[in-house]
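The values are calculated or read from the model by the stated rules, or taken from the named source; none is laboratory data. Note that the coordinates shown come from a computational prediction; the quantities given were computed from them, not determined experimentally. Note that each Cβ is placed from the backbone with ideal geometry, even for glycine, and that neighbours are counted across all protein chains shown. When the accessible area is computed, the model is the full protein with side chains, heavy atoms only, and any ligands, DNA or RNA have been set aside. Shrake-Rupley method; radii C 1.70, N 1.55, O 1.52, S 1.80 Å.
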Amino acid sequence: MNFIKIISIIILISIISCKTTQKPNIIIFLVDDMGWQDTSVPFWKEKTNFNRIYKTPNMERLASEGMKFTQAYATPVCTPTRVSLISGMNAARHRVTNWTLRRNISMVKDPVGLQIPMWNMNGAQPIDSIENSIHITPLPHILKNNNYKTIHVGKAHFGALTTPGANPLNLGFEVNIAGHAAGAPGSYYGLKKFQNKRRNEKIWDVPGLEKYHGKDIFLSEALTNEAILEIDKSIDDKKPFFLYMAHYAVHTPIQGDSRFEQNYLNKELDSIEAKYASMIEGMDKSLGDLMNHLNKKGISDNTIILFMSDNGGLSAHARGGEKHTHNKPLKSGKGSLYEGGIREPMIVKWPGKTKKASTTNKPVIIEDFFSTVLEMAQINDYKTVQNVDGISFTSLLKGEIEIPNNRSFFWHYPNNWGGNGPGIAAGSVIRKGDWKLIYYHLNSNFELFNINKDIGEFKNLVSSERDKLKELSKELGNYLRKVNAQMPVQTSTNTLVPWPDDKKILNVY
Ligand code: CA
């Protein structure tokens, strides 16, 4: 009897110790071009019309099991955000300040009046010998070295064509499903082989996924199926997994997901709007399918999910006017330094650590994901070739002492995106507390907003708040110099854009 008791206790202890030392699985669920309001989860103080239009029941479910971030930030476009995420660097420092595609080619014409600097148009690279690129120790590389199975599914868009960084396998991912240099799919339809024949270039063909070619399946679902297969393999291998689930949705081309499109047409949304809403719901279904699968496999309680978007909703190519502006009450959208371009819907579920259905108004920024994920994975001993700017927000998730209130956040975008009318192109920004200062490279003008009181950025307080202007422009200037940020040339004078704290500029105010 005693012997049986002792054996039972030994077994019990080994089960408990096995559980406590088991590393968590981590999923980054990154949506492309999804705006702050493109969801039925309200991220503002009140529900908006957009929250009523879009249906994202699985985001609601995730929010009910985790923490909602109402002030989560990315950069205005795809590649800078993705490079910040896997490097932990601010875009001003890594210099991949715009979206990438072809080697050594800046894909967007210079804006009128400015000559864009030689930014790192070849993106992030795992080696130091690629011109016009940033050499980094990528997040998945560190995770892989620490026994994680690292899985890339969906859109990569880290590095330019023909460079190593274009292929996620060179950035520390053990598996790559469908990721390459391009930032959009030729088509979302399996029946079209995820290609766009009319464009007559293969650059947009989604790689891999041949088994779905000719089948009636939407890209978001094909990617989800593949992600689930990889999760199962890592369970079989008894390894924790890091799944970077980066949907191509809801980036253009706007194509209807037939599983959901009719529901929105029935609600009398116009054709484009219904297609867009169906893409959102298809992406949400993917989140739900993954969560269901974790439940089915009994690993929900040991799997962290971080939900994020890479830039603001596409409001600039408005079709049908008001209805297609996706970010209100925020101003503008993708490509802009206004809140509509950079504020994202973000939710984190960390089982056993994060209070269910909680909300935080504390700002975080995309480069914070790097240190956060490593801390969640209990990896403390690692080296990077890059300077890491991001700060882990695990304490915020655990409801402990928070990131200091007076932390400053920075954006630097000496480029323009290429879309029509996102409001502004080429600028630098500092956000501190309730205040946000935008410095425009073209004319060396400023806009100063109290974001807490004026979320729509209507009231420029530059003339009435001169002390604040001086304080913030000084801090912004110091930061940009510290990280060696690149400035464009003002073509009217053929000189570099002055730093924001330049006395000649400030004396005008
Ligand atoms: Ca994007």
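Amide H contacts under 5 Å for SER336: GLY341, restricted to partners 5 or more places along the chain or on a different chain, H placed in the peptide plane at 1.01 Å from N.
Let's see if you can work this out: charge +1 on each Lys and Arg Cβ, -1 on each Asp and Glu Cβ, no other charges. What is the dipole magnitude of the chain about its Cα centre, in debye to the nearest 20? Write down the numbers at each step before the final one.
Details: 62 positive and 50 negative charges, 53 e Å.
That gives a dipole near 260 debye.
Here the stretch 24-397 is treated as a sphere whose radius is the Kirkwood value from Cα pairs; by Stokes-Einstein at 10 °C and 1.306 mPa s it diffuses with a coefficient of 78 µm²/s. Peptide packing for 84-96, 168-180 was compared via the average number of neighbouring C-beta atoms within 10 Å per residue; ordered from the highest value, the list is 84-96, 168-180. Working note: Karplus 6.51/-1.76/1.60 with θ = phi - 60° gives the stretch 108-114 the couplings 10, 5, 4, x, 4, x, 10 Hz, where Gly and Pro are set to x. What angle, in degrees between 0 and 90 and rounded to the nearest 10, separates the Cα long axis of helix 219-236 from the longest principal axis of the Cα atoms of the chain? It works out to around 50 degrees.
Over the chain, accessible surface divided per residue gives 40 Å², non-protein components excluded, 1.4 Å probe.
Classify the stretch 239-297: rounded, prolate or oblate, from the alpha-carbon gyration tensor (a ≥ b ≥ c, eigenvalue square roots; a/c under 1.5 rounded; otherwise prolate if a/b is larger than b/c)? Oblate.
Can you bin the stretch 426-506 into rounded, prolate or oblate? Criterion: square roots of the alpha carbon gyration tensor eigenvalues sorted a ≥ b ≥ c, rounded for a/c under 1.5, prolate for a/b above b/c, oblate for the rest. The shape class here is prolate.
3J(HN,Hα) along the stretch 89-100: 9, 6, 4, 4, 8, 7, 6, 8, 8, 9, 7, 10 Hz, from the Karplus curve 6.51 cos²θ - 1.76 cosθ + 1.60 with θ = phi - 60°, whole Hz, x for Gly and Pro.
Residue-wise HN-Hα couplings along the stretch 451-464, as the Karplus relation 6.51 cos²θ - 1.76 cosθ + 1.60 with θ = phi - 60° gives them from phi, are 5, 5, 8, 9, 5, x, 6, 9, 9, 6, 9, 4, 6, 8 Hz; Gly and Pro carry x.
Legend: residue pairs LYS275/LYS432; LYS362/LYS459; LYS436/LYS504, Cα-Cα distance threshold 27 Å; pairs beyond threshold, LYS275/LYS432. Here the accessible area of the stretch 24-397 is 48 percent carbon and sulfur, with a 1.4 angstrom probe and all protein chains present. Amide H contacts of ILE365 (H built 1.01 Å from N, in plane; Pro and chain starts excluded): TYR73 sit under 5 Å, all sequence-distant by 5 or more or on other chains.
In this structure, the amide hydrogen of LYS155, modeled 1.01 Å from its nitrogen in the peptide plane, lies closer than 5 angstrom to those of ALA246, HIS247, TYR248, counting only residues at least 5 positions away or on a different chain.
Ranked highest first by average number of other Cβ atoms within 10 Å, how do 360-373, 274-287, 384-397 line up? Numbers along the way, then the final one.
Working: 360-373: 23.2, 274-287: 25.6, 384-397: 18.7.
The most tightly packed comes first, giving 274-287, 360-373, 384-397.
Would you please give the FRET efficiency between GLU201 and ASP270, computed as 1/(1 + (r/R0)^6) with r the Cβ-Cβ distance and R0 = 25 Å, to the nearest 0.05? The computed FRET efficiency comes out at 0.25. For the stretch 426-506, build the charge dipole from Cβ charges (+1 Lys, Arg; -1 Asp, Glu) around the Cα centre, then report which of GLN490, ASN452, LEU480 sits farthest towards its positive end. After comparing all options, I get LEU480. Helices in the chain, meaning DSSP H runs of at least 4 residues, each add -39500 (n - 2.57). Divided by all residues, the mean residue ellipticity at 222 nm is -8500 deg cm²/dmol.
For TRP44 and LYS109, calculate 0.36 nm times their separation in residues minus their Cα-Cα distance, and state this gained length in nm to one decimal. Mind showing how you got there, number by number?
Working: separation 65, 0.36 × 65 = 23.40 nm, distance 3.54 nm.
Working it through step by step, the gained length comes to 19.9 nm.
Model label points for LEU229 and ASN507, set 7 angstrom from Cα along the Cα-to-Cβ axis, are 6.8 nm apart.
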